[in-house]
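To start, the structure itself, in structure tokens.
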Amino acid sequence: MADEKKVTKNEEAEEMNAEQTVQNNTESTEEKEGVITLNKPYVFEGKEYKTIDLSGIEKLTINDAIKAQSQLIDEQEVAAALATERTTAFARLIATKASDYPIEFFKLMPRGVMKRTQRAVVAALAVTEESEDHILKFNKPYSFEGKEYTEIDLNGIANMTSMNESEAENRLVRAGITITEPTFNYLYACIMASMATGQPEKFFTGLPIGELLKLKAEVNSSDFFE
């Protein structure tokens, strides 16, 4: 009898684990596609929301992330100064830019729903194409001033000097950005990449937001500091 109960409990546990796995996989797929289906409706200003549409995130650029980061620094969001993309405040701003919802919609939502929203933003920033030998491969072909690019060579960063570092830092100040640690700053990455490649700064700020973390990682690669 005891053995039967043990088997039954094990089976129930396995079923619950399987159901949770399916749910997690479903949530993950939805978050990657940018539309979140809620298990429980979220009520905001008297209206029920069963889904949160963040599909507009695909239209955002690195410049949107730069503006969000700068705003958070100005608002004294200390955490956002060093690990911006990991913060709830950054996810709220990007979600607002990617949707028709006001910032209050995200500020007042339950923590669990916000966590799923944050995962959707992180998923949009996830690396899908790895760089090779410091050649940044784009997730999709990128059109700039009538020409299509599938990659950009960043090896020129190896030849940059401390004068370039100073120039980039001064550029941040002129843009009204308070410097904490430049290597965490999104505009800094674009400025350094611009100087290394000869491409204008707007080439990099205009890239889809999904290229952001790859670009930042390449500009600050340890290979350039040996």
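Structural remarks
- Spread of Cα-to-Cα distances over 10 Å intervals beginning at zero, given as percent, for segment 26-125: 16, 52, 28, 5
- Treating r as the C-beta distance of S222 and E169 and R0 as 22 Å, the FRET efficiency rounds to 0.65.
- Cα centroid separation, segment 136-195 to segment 48-73: 21 Å.
- Its relative contact order, with pairs defined as Cα atoms under 8 Å and 6+ residues apart, puts segment 26-125 at 31 percent.
- Prolate/oblate/rounded label for segment 98-148 (Cα gyration tensor, a/c 1.5): oblate
- Label sites at K50 and T37, each approximated as a point 7 angstrom past Cα along Cα to Cβ, lie 1.0 nm apart.
- Residue-count net charge about F44 - beta-carbon cut-off 11 Å; Lys, Arg +1, Asp, Glu -1: -1
- Close amide H contacts of F44 (hydrogens built in the peptide plane, cut-off under 5 Å, sequence separation of 5 or more or a different chain): Y49.
- Global geometry of segment 88-186, whether rounded, prolate or oblate, following the gyration tensor of its Cα atoms and the 1.5 cut on a/c: oblate
- Judged by the mean number of other Cβ atoms found within 10 Å, the most tightly packed of the peptides 95-108, 184-197 leads the ranking 184-197, 95-108.
- Temperature 20 °C, viscosity 1.002 mPa s: under these conditions the Stokes-Einstein estimate for segment 135-225, based on its Kirkwood radius over C-alpha pairs, is 159 µm² per second.
Every number in this text was worked out from the coordinates using simple rules, so none of it is lab data. If you're wondering where the values come from, they're calculated on a predicted model, not measured in any experiment. Using ideal geometry, Cβ is built from the backbone for each residue, glycine included, and neighbour counts are taken over all protein chains shown.
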